[in-house]
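What follows draws every value from the coordinates through simple rules; no lab data is involved. Worth saying up front: this structure is predicted, and the values here are computed from it rather than measured. Don't worry about glycine lacking a Cβ; one is built from the backbone with ideal geometry, like all the others, and counts go over all protein chains shown.
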Amino acid sequence: MTTAIARHDLPAGPNAERLSEGLDEDLIEEIDDLETTAVLIDSALSSARLSLSARCVADPRASAIETWESTVNALQLGSALFAVTGARDSSVECRIKRKLRTIPATGPMSTADAGTWLSAVWLAVICRDEDRAKDIDGSIALGPLAIACLAYDAEFPLDNESDYLPKHLLQRTWLGEFPT
């Protein structure tokens, strides 16, 4: 039996669709500028996430291809942010908005932080992009680990093993070893 969990009331309709379309148009300009102004990649990622949120208001079930495209754009920009900030070469090639783009390396940026990393990993998982999930620099996926811990504690263990979900944190091996 499926339990329906209603989302809080958000104003959808034609205004939400128009807002989504406008945000998408602005995002395209930001993406096109990345090959010359890579330091604004964090702004483009924020715009992509806003576009995705707006699309999900207009299309709560994500049944429209535009919502999927917004999801993929956010994934690709999240991945690109970590690629350009961690690049050893002067530029990196990243597929964004259906095009392979050469983006200059930026070096470290304060926005390439743990929260942004988590969002990028979650987007990779949502898009089922295993390669990007592996390529995004990081050692642990806190959000998925937390969900996996809840499932394990509810005696619904996962049949997957990954170093992103450390076994002994998942299986509470050290729980009670010292006060938390």
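Some notes on this structure:
- In this structure, Leu100 and Arg18 have a Cβ-Cβ separation that, at R0 = 41 Å, corresponds to a calculated FRET efficiency of about 0.85.
- Glu25-Thr37 pseudo-label distance in nm [points 7 Å out on the Cα-to-Cβ vector]: 1.8 nm
- Förster radius 35 Å - calculated FRET efficiency between Glu93 and Tyr152, Cβ distance, rounded to 0.05: 0.35
- Couplings 3J(HN,Hα) of region 74-81, computed from phi: 5, 4, 5, 6, x, 5, 5, 4 Hz, in residue order, whole Hz [Karplus 6.51 cos²θ - 1.76 cosθ + 1.60, θ = phi - 60°; x for Gly and Pro].
- Dipole of region 1-51 [Lys/Arg +1, Asp/Glu -1 at C-beta], most positive-end residue of Leu45, Thr2, Ala12: Thr2
- Ranked for footprinting exposure by Cβ neighbours inside 10 Å, fewest first, Lys97, Lys167 give Lys167, Lys97.
- For region 139-180: rounded, prolate or oblate by the Cα gyration tensor [a/c cutoff 1.5]: oblate
- Distance between region 108-180 and region 1-45 - C-alpha centres, whole angstrom: 26 Å
- Distance between the pseudo-spin-label points of Trp68 and Arg7 (7 Å out from Cα toward the beta carbon): 1.8 nm.
- Recomputing semi-axes √(5λ) of the Cα gyration tensor in Å from the coordinates shown identifies the correct label among [x] 27, 20, 18; [y] 31, 25, 13; [z] 48, 18, 14 as [y].
- Where GluC sites (Glu not before Pro) fall in DSSP loop in region 105-180, at most 10 other Cβ within 10 Å: Glu155, Glu161, Glu177
- Cβ-derived FRET efficiency at R0 41 Å, Asp135 paired with Phe178, nearest 0.05: 0.70
- Under a model in which nothing but the beta-carbon of Lys, Arg (+1) and Asp, Glu (-1) is charged, the chain shows a dipole of about 240 debye around its Cα centre.
- For Ser91, distant residues with modelled amide H under 5 Å away: Ala105
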